[in-house]
Amino acid sequence: MNNLNLRKFITYDEVGMGQNQFRCFYMTFHPSNGKLIIHEGHSGKVYAEEKLIYSYEVLGKLPKAGGDTHGAITNSKDLVFFGGWLKAPPGLLVSSDRTLVKQDMREKYSHIHAIDDKDRVELLWSRKWDDKIPPNHWYGEVTDLVYDGHENTLYFSRADGHAELGLWKLSLGDRKAEWIIRDRTVYKLEIKDDKIFGTVFNPAHFENSSIVVYDMIENKSKIVEEFEFGINLDDKIKIKRDGGQIVQLQNKLISFYGGALVVSDPYKDKHTLYPFLEVINNESERPSYIPGLRTQKVYLMGIPIIGVNPSEGLTEPTLRTTVSMILRVDPVVPQIISISGFISGIVSDGYNVYFGTSYANHSPAYTYRSGEGKIYAIRTRELMSNAWNAIRIWIFDGSYVKGNTGIKGWFGGIPLKGFTNKKLRVFTDESTNLNICEYNLLSKVVEDHIHLREGWNTVDLSSYYDLLAFSFDENIKRIKMEIILDP
C-alpha cells in the first residue's frame, strides 16, 4: 500500500472534455475482503487494489467523464456503496466559452452503485436529465451516503445541481427511492443515535447555512438556520456560506461552513457558531477555506481528520488561497496538522491513513485534460503528533467595516494548537485598536485589546493557545494581516 501511485492507473486521454485539472480519489476498504476500493472521480474508473473493475459500462456512451467529486462512499457489513455523477458523453453548448453555464448536461447521470466481495459492481439507482429542466442544468448529484443497518437502507444527499435536491433514502430491498427533505442542498451527513444530521451546500447562496436534522424513527425533519454566536452569546446569527463536512465528537456534532464552524449539542438542541478560518480578501466574496468541501473524513481513535480545501469561487490563481490543509478536530480546539495540495479521499486501515491528493483544486476554469493526482500513505501516529511544518495564512486584505466585515465584524478563527512560534503581522493605514478574542469549543472567551500604529505592526501571540478571532473598533480603509505559525 505504501507504494500506491495512480499515474500508472490513469492516463490523460481517458478523461473527457470539460474536466478540471484537479483529481478526486475516494476510497474505502471493502468490509468482506479488505481490498482498497478507489473511485477515481474524473475518468469514471473504479479499482480494487490496483485492478480496474468498473468503467461505468451500464450508463451512457463513450467518451465518459466524471464519477464523483464530493466523496459519496460508504459500507454495509458486506458491500461498498458509491455514488456521484457521470457525463456520458460530456459536451458543450457553446464551444468557444468553456464555462459551467455553457456545459451540455443532457447526457448527465446521477447514480448509486454497489460492489460485492467478488469485485462485481451493480447499479442500484440512477437519474438522467430530461426536458423538464434546461439543457445546461442537471438533477442533483449524489454528494454523500450513509447506511442504516436496522432498515437495510441507504440515505443519500443531493446537493450539487438544480432539481431534486435534498435528502433521499433508498430501500435496498425493493430499490425504491424516497425524497425526504425537499429543495434544500443537503450535503454531508452523519448519523447520531436515531437521527441524521447534515450540512447544506448552497453553492449559489440561495439558502441560509443550516443544520439539517432528520429523525429516522419519527420520520420528521427540521432545519436549524439561526445560531448562538459563540463570541457574544447574546447575539443570534444567520449566514449564507458554502457548506462542508460534519463530524461527531464526544456526543456533539461539528459542522463546517466557509469561515465558520457550528457546535451542536443534540440533547440540549443548542447550536453555537464560531468564526473558523474566516479569511477576508478582495479576490472573492466567498470565504477562502471550506473544511470538508469535496473531501471524505476519517476517525482515528475517535478523533475526526478532514481536509480543508480552498474556495471554488476563485477564477484566478492566488498564492494566498490555494493552499489546502489537513485538519484534526480535537475535542477542545481543532488543530492544523499540515499544509497540502487539494485533498479528496481519506481512509485508514489502522496503521496508515491514505490521502488522495492533487496539485490543483476545484475551480470554474475548465480544461481538456485532468491533472496529476496520487494517493499517499501516512503513518497513523504521525497524524496524532504536533503540526508538521510552518504555516503562513494571509487572513485579511482590504477594507474593514465595523460590525459588518466577516461575521458580525469578527474574522480569523485561526487555531494555534500545536505551534510554538506564533506571530501576527498587521498593516493599517491609520492607528487603531485591534481586538483579539481567544476561545475554544467549550465556549471559553477571553478578549484583549492592542493598539496598532500606522504602518506595519508585529504582534506576539505566544500567550495564546486556542482559536483567535479579530476585530477593529472603527472603519478602516486598508488592512493587511498575516499570521505566522511555526511548530
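Things to note:
- Under the condition of being open to solvent by less than 30 Å² (accessible area, probe 1.4 Å), modelled with pLDDT of 95 or more and part of a strand (DSSP E or B), the residues counted in the range 17-35 number 3.
- Looking only at residues of the range 130-149 that are in a loop (DSSP other than H, G, I, E, B) and under 23 Å from Tyr26 (Cβ atoms), we find that the one that is most open to solvent (accessible area, probe 1.4 Å) is Gly149.
- Within the range 379-419, considering residues that are surrounded by fewer than 18 Cβ atoms within 10 Å (Cβ to Cβ) and of a type in the set (A, V, I, L, M, F, W, C), the one nearest to Ser431 (Cα to Cα): Val401
- Residue-level check: of (1) closer than 25 Å to Asp397 by Cα; (2) modelled with pLDDT of 85 or more; (3) surrounded by fewer than 19 Cβ atoms within 10 Å (Cβ to Cβ), Ser324 misses just (3).
- Close contacts from the range 55-84, counting a first residue that is without any contact (Cβ under 8 Å) to a residue 24 or more places away in the chain and farther than 20 Å from Gln296 by Cβ and a second that is surrounded by fewer than 24 Cβ atoms within 10 Å (Cβ to Cβ) and hydroxyl-bearing (Ser, Thr, Tyr), with Cβ to Cβ under 9 Å and a gap of 6+ residues or different chains, come to Ser55/Ser43.
- Check on Leu170, in contact (Cβ under 8 Å) with a residue 60 or more places away in the chain, among the aliphatic types (A, V, I, L, M), touching a Ser or Thr at 6+ places or on another chain (Cβ under 9 Å) and open to solvent by less than 10 Å² (accessible area, probe 1.4 Å): no
Quick grid of which residues meet (1) assigned to a strand (DSSP E or B); (2) farther than 20 Å from Arg184 by Cα; (3) open to solvent by less than 30 Å² (accessible area, probe 1.4 Å); (4) out of contact with any helix residue (DSSP H, G or I) (no Cβ under 6 Å at 6 or more places or on another chain):
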{"position": "Leu124", "(1), (2), (3), (4)": "yes, yes, yes, yes"}
{"position": "Arg127", "(1), (2), (3), (4)": "yes, no, no, yes"}
{"position": "Glu151", "(1), (2), (3), (4)": "no, yes, no, yes"}
{"position": "Tyr155", "(1), (2), (3), (4)": "yes, no, yes, yes"}
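- Residue in the range 331-350 that is at pLDDT below 85 and more than 17 Å from the chain's Cα centre (by Cα) present: no
- When the strands (runs of 3 or more DSSP E) confined to the range 38-118 are screened for residues that are open to solvent by 10 Å² or more (accessible area, probe 1.4 Å), those reaching at least 3 such residues are found at 51-54, 73-75.
- Against the conditions (1) touching an Asp or Glu at 6+ places or on another chain (Cβ under 9 Å); (2) part of a strand (DSSP E or B); (3) surrounded by fewer than 23 Cβ atoms within 10 Å (Cβ to Cβ); (4) not polar (S, T, N, Q), Ile246 satisfies every one except (3).
- Unmet criterion (only one of (1) open to solvent by less than 10 Å² (accessible area, probe 1.4 Å); (2) at pLDDT 95 or above; (3) under 21 Å from the mean Cα position of the chain (by Cα)) for Phe229: (3)
- Members of the range 199-211 that are among the aliphatic types (A, V, I, L, M), closer than 19 Å to His162 by Cα and touching a strand residue (DSSP E or B) at 6+ places or on another chain (Cβ under 6 Å): Val200
- Verdict on Asp160 being part of a loop (DSSP other than H, G, I, E, B) and open to solvent by less than 50 Å² (accessible area, probe 1.4 Å): yes
- The range 271-306, residues that are open to solvent by less than 20 Å² (accessible area, probe 1.4 Å), within 21 Å of Asp144 (Cβ to Cβ) and among the small types (Gly, Ala, Ser): Gly292
- Among all residues of the range 207-225, there is at least one that is under 26 Å from Val298 (Cβ atoms), without any contact (Cβ under 8 Å) to a residue 60 or more places away in the chain and aromatic (Phe, Trp, Tyr).
- Answer residue from the range 256-270, given it is open to solvent by less than 10 Å² (accessible area, probe 1.4 Å), in contact with a Lys or Arg (Cβ under 9 Å, 6 or more places away or on another chain) and without any contact (Cβ under 8 Å) to a residue 60 or more places away in the chain and is farthest from Lys222 (Cα to Cα) among those: Gly258
- Contact map, the range 23-45: residues that are hydroxyl-bearing (Ser, Thr, Tyr) paired with residues that are open to solvent by 10 Å² or more (accessible area, probe 1.4 Å) and assigned to a strand (DSSP E or B), Cβ distance under 7 Å, separation 6+ or inter-chain. Pairs shown: Tyr26/Ile73; Thr28/Ile73; Thr28/Asn75; Thr28/Val347.
- Total residues in the range 206-224, condition open to solvent by 50 Å² or more (accessible area, probe 1.4 Å) and within 24 Å of Ile306 (Cβ to Cβ): 1
- The range 173-188, subset out of contact with any Ser or Thr (no Cβ under 6 Å at 6 or more places or on another chain) and not in a loop (DSSP other than H, G, I, E, B), residue most open to solvent (accessible area, probe 1.4 Å): Arg182
The values are calculated or read from the model by the stated rules, or taken from the named source; none is laboratory data. Computed from a predicted model, the values in this text were never measured in an experiment. Note that we place each Cβ from the backbone using ideal geometry, even for glycine, and neighbour counts take in every protein chain shown. Surface accessibility is based on the protein's heavy atoms, side chains included, excluding ligands, DNA and RNA. Shrake-Rupley method; radii C 1.70, N 1.55, O 1.52, S 1.80 Å.
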